[in-house]
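The block underneath contains the structure these notes are about, expressed in structure tokens.
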Amino acid sequence: MLEPLLPAQPVRGGQWRDHRQVINAICWVKRTGSPWRDLPER
């Protein structure tokens, strides 16, 4: 459902993180109400 809204991997340069990791991080911050800087490393 979200895939069409997400950017594609760049042809040149570095690779982005897996989209699932980013979406999970956003959901975690939203669910817990903690600031983004408090996001666990894993």
Original post:
For the chain, with every protein chain kept in place, what is the accessible area per residue (1.4 Å probe, Å²)?
Top reply: 102
Original post:
Could you give the nm distance between label points at Asn24 and Ala8, where each point is 7 Å from its Cα heading toward the beta carbon?
Top reply: 2.6
Subject >> Label corresponding to Rg and Dmax of the Cα atoms in Å when calculated from the structure given, among (i) 17.9, 62; (ii) 13.8, 41; (iii) 12.4, 36 >> reply: (iii)
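The values are calculated or read from the model by the stated rules, or taken from the named source; none is laboratory data. Predicted model, so just to flag it, every value in this text is computed and none were measured. Counting neighbours? That spans all protein chains shown, and the Cβs are built from the backbone with ideal geometry, glycine included. Heads up: the accessible areas ignore ligands, DNA and RNA and are worked out on the full protein's heavy atoms, side chains in. Shrake-Rupley method; radii C 1.70, N 1.55, O 1.52, S 1.80 Å.
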